[in-house]
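Working notes for the structure below.
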Amino acid sequence: MKKSFSKTIAVLLAVLMVVCSLPMTVFAAGESRSNVQLQFGTYFASGAATHQTYVDENYSGFGDSGLNTAKLDYDKATGTITEASSGHTYGVGDFFTVSVLLENTSSLAATQVGIKYSDNIVPAAVGENEDGLTALLPATEVTSPTDGFAPNEAITDQSGNAIYNTASSTVGEISYIDADKKTMWANFAVQDGTDAVNLTAPKQVGVNTFTKTAVIATFGFKIVNEGAVTFSLADSKDIDSAYYVETIANGGKVEEYKTYTQTNYDGSTALDFMNNNENIESTKYTVKFVGANGTVISEAQYTEGATVTVPDLPKAEKISDTQHNTYAWDKEPALTATADATYTAVATAEDHKWDTGVKQDDGSTLYTCTVCGSTKSETAHVHSWGEWTYNGDAEYTSAKVYKDGTATRRCATCGKTESKTIANTGLFRARSANASFGAEILMNVGTRTAQVNAFDEVYCKFTREDGVETDVPLSKSTVSGTNTMFPYGVTPQSMSSPVKITYYGKVDGMLVWGPEYTYTMTTNYIVPQLNKSTSEVYKKFLVELMYYGAAAQVYNNWKTDKPMTDELTDEQKALHDTSVPTATNITNTKQVEIPNAKTTWRAVNVEYGSVTVMLLKTKAYTPTADLKAVVQVAGEPQQRVYYYSEHPEYFVEEKGGICFRFEECNANKLRSAVDVTLYEGDTAITNTIRYSVESYCATRKEGTTIYPFTQQLMRYADAAIAQFGA
């Protein structure tokens, strides 16, 4: 606890009276009404690359703090501190400085100001933290203080003695913070034998220039809790809380000092606290408020920082039987005067907001607009309701926390609307998903069968990242347990792309839908499978699938920031086969010759998508109703038969002939020979052609764009054979 500054000053003044042989008098009351002002600043960490204005960082130098930095803005009304350059509003965890100034004072011998601060800030200091680094910290956490920034002390180079005296003194040690009472005491006294300090000449302190102003002391604080940062005089009724002596004359009694108290000895207020001084010319601003029609509502001049009186906006007014105007200022009015400003009321047309109405004696209902007071009378009528329209507002958080969507309809006669809840829409959402790898790479997404059964014409919409949409009808779904699963073919290059999934259905002819769900095959299925599987064969299959997808990304110029294999760990990447796979071309257009065949095979090719498709093309031929394709896949006991009448999409007319699309090449069958013969009824019309996806890969040349892709396709095929068998 510091010793009494009042006693110290009394002794000091007595000594000065003897040393200087000067008579002592108290300055005349009312001649220079001074005021105590607070100026807020930052801590500058000189070791930082940028100006650390409100961040606690570990740096070696904090010399450019307080008055050495640009001042911060403080709003007394709200208790907020802001930085104009960055727009930052200081909050919990931020540090700042407070300098105590005595303004409008030409001469000063001694002064004391006690200021209480709010509970949400604590004193701050610079010193070693628990890690041994120099840091800006709450005062209680500093172990070895940095010179000039001691805990609960004023910043040394911004105490009164350091600024105004050249002689060695102890006044800087007198200014201190009483943390228990949450009070900072800023003190100053001349100690070099002079009668007073002359403050009339401009004085440069850091980036600030002061005239007729004494800088008493600068303290540091940290904001530790939410709320307004406030300051007040320690005790306005105690003479020791704030007084100053202009010059040493005859006396030196504390009771004779010029003081700030609620009631001064002569009945006047000698000091103002954080207000503009009446003897200092203040900047004034004109603030004007103008109506929507151009008439001036109010116009006034305000002293800088004064509270602006904002007039009421014009009341809402009727402009038609269906609408009224409401008013708002064209920009948010500033509550304190900081610049000339003009605010204009802007009218916005809005529909009337009718109350529930009051029945009249004649049977009609009188409605009143709750905004502008307009009225309308309506005679009861039978509503002409329009169609129900779904609002798409179903929400899902969990199976127990969700909200069903609503639908709305409007009366064409009176405009009244009514809404209803559409049951089951909140849970009409994907709740399970997996993947399968047969002839097609499939994402299988399921929703509750109970929700599916609640609607008509159900389908699932899949929207890929590039905007491509696919609607999968209920007819293609399968039931698994309590879920109905909808399959979605995924191209290898898009396995790492997120897909948005939404279920649609109809209720009484109205289209409704559930909450959207997003699923990514690699992130949500393949990688988790890799992480939990104990089968090295299965893991290698999934790794080669990922490399197949990455190769497809390159080959198809798929827009992505990184290959999907980046999702694999180094251990998983090590499972990838980097050797050159073997591939044999077994293509034979006359594997079995048919005498007098109607047409012959002219070309073969392979198409890559979610399905790997073999394309077998004939010369001139027009399909007939009884056209069919008989397919024998090596290793399978049964032939497969595809009828043109059932699947015309497999028989595509092309260049006068047809292209038979064989779309059931499972991953483990990409090396298998496939024999295809076209028939009309029971009569063969083509030779039997033998082909395989491996044959296509075998004919791709090294150095071509597709070569790396087909090489990886074969690695993927070999991994599938190891996993599923040939």
All positions within the range 398-417 that are in contact (Cβ under 8 Å) with a residue 24 or more places away in the chain, under 24 Å from residue 504 (Cβ atoms) and out of contact with any Phe, Trp or Tyr (no Cβ under 8 Å at 6 or more places or on another chain): 399
The correct count of residues that are closer than 22 Å to residue 189 by Cα and either assigned to a strand (DSSP E or B) or polar (S, T, N, Q) (or both) in the range 95-146 is 18
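Within the range 449-496, track down each residue that is in contact with an Asp or Glu (Cβ under 6 Å, 6 or more places away or on another chain) and free of Cβ contacts under 8 Å to residues at least 60 places away in the same chain. Reasoning before the result, please.
If we filter the range 449-496 for residues that are in contact with an Asp or Glu (Cβ under 6 Å, 6 or more places away or on another chain), which is where we start, we get 459, 461, 463, 489.
Of everything in the range 449-496, those that are in contact with an Asp or Glu (Cβ under 6 Å, 6 or more places away or on another chain) and free of Cβ contacts under 8 Å to residues at least 60 places away in the same chain turn out to be 459, 461, 463.
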Residues (under 32 Å from the mean Cα position of the chain (by Cα) and either modelled with pLDDT under 95 or farther than 25 Å from residue 352 by Cβ (or both)) located in the range 394-420: 394, 395, 396, 397, 398, 399, 400, 401, 402, 403, 404, 405
Specify which of the listed residues (496, 480, 535) is among the polar types (S, T, N, Q) and more than 26 Å from residue 447 (Cβ to Cβ). 535
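Being among the basic types (Lys, Arg) and not in a strand (DSSP E or B) is the filter; apply it to the range 662-698 and report the residue that is farthest from residue 437 (Cα to Cα).
Out of the qualifying residues, it is 671.
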Residues (surrounded by 15 or more Cβ atoms within 10 Å (Cβ to Cβ) and in contact with a strand residue (DSSP E or B) (Cβ under 6 Å, 6 or more places away or on another chain)) located in the range 92-106: 94, 95, 96, 97, 98, 99, 100, 101, 102, 103, 104, 105
Residues of the range 324-343 satisfying the condition of being farther than 20 Å from residue 283 by Cβ and surrounded by fewer than 16 Cβ atoms within 10 Å (Cβ to Cβ): 328, 329, 330, 331, 332
Say we look at the range 607-622 and pick out the residues that are closer than 23 Å to residue 555 by Cβ and β-branched (Val, Ile, Thr); which of these is modelled with the lowest pLDDT? 611
Taking interchain pairs and intrachain pairs at least six residues apart, which have beta carbon atoms under 6 angstrom, with the first residue in the range 699-716 and closer than 15 Å to residue 584 by Cα and the second among the small types (Gly, Ala, Ser) and part of a loop (DSSP other than H, G, I, E, B)? 714/583
Please report, ordered by residue number, the strands (runs of 3 or more DSSP E) entirely within the range 222-303 with at least 2 residues that are among the β-branched types (Val, Ile, Thr), modelled with pLDDT of 85 or more and outside the structural domain of residue 139 (by TED's automatic domain parsing). 284-290, 296-303
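Is it the case that residue 585 is polar (S, T, N, Q), modelled with pLDDT of 95 or more, farther than 30 Å from residue 398 by Cα and assigned to a loop (DSSP other than H, G, I, E, B)?
Yes: the conditions hold for residue 585.
Give the range 473-503 a look and list any residue that's among the hydroxyl-bearing types (Ser, Thr, Tyr) and part of a strand (DSSP E or B), or say none. Steps first, please.
Step one: filter the range 473-503 for residues among the hydroxyl-bearing types (Ser, Thr, Tyr), giving 475, 477-478, 480, 482, 484, 488, 491, 494, 496-497, 502-503.
Within the range 473-503, 478, 480, 484, 488, 502, 503 qualify.
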Could you go through the range 331-344 and let me know if any residue there is aromatic (Phe, Trp, Tyr), in contact with an Asp or Glu (Cβ under 7 Å, 6 or more places away or on another chain) and modelled with pLDDT of 95 or more. yes
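The values are calculated or read from the model by the stated rules, or taken from the named source; none is laboratory data. Since we're looking at a predicted model, the values are computed, not measured. Every residue, glycine among them, receives a Cβ derived from its backbone with ideal geometry; neighbour counts consider all protein chains shown.
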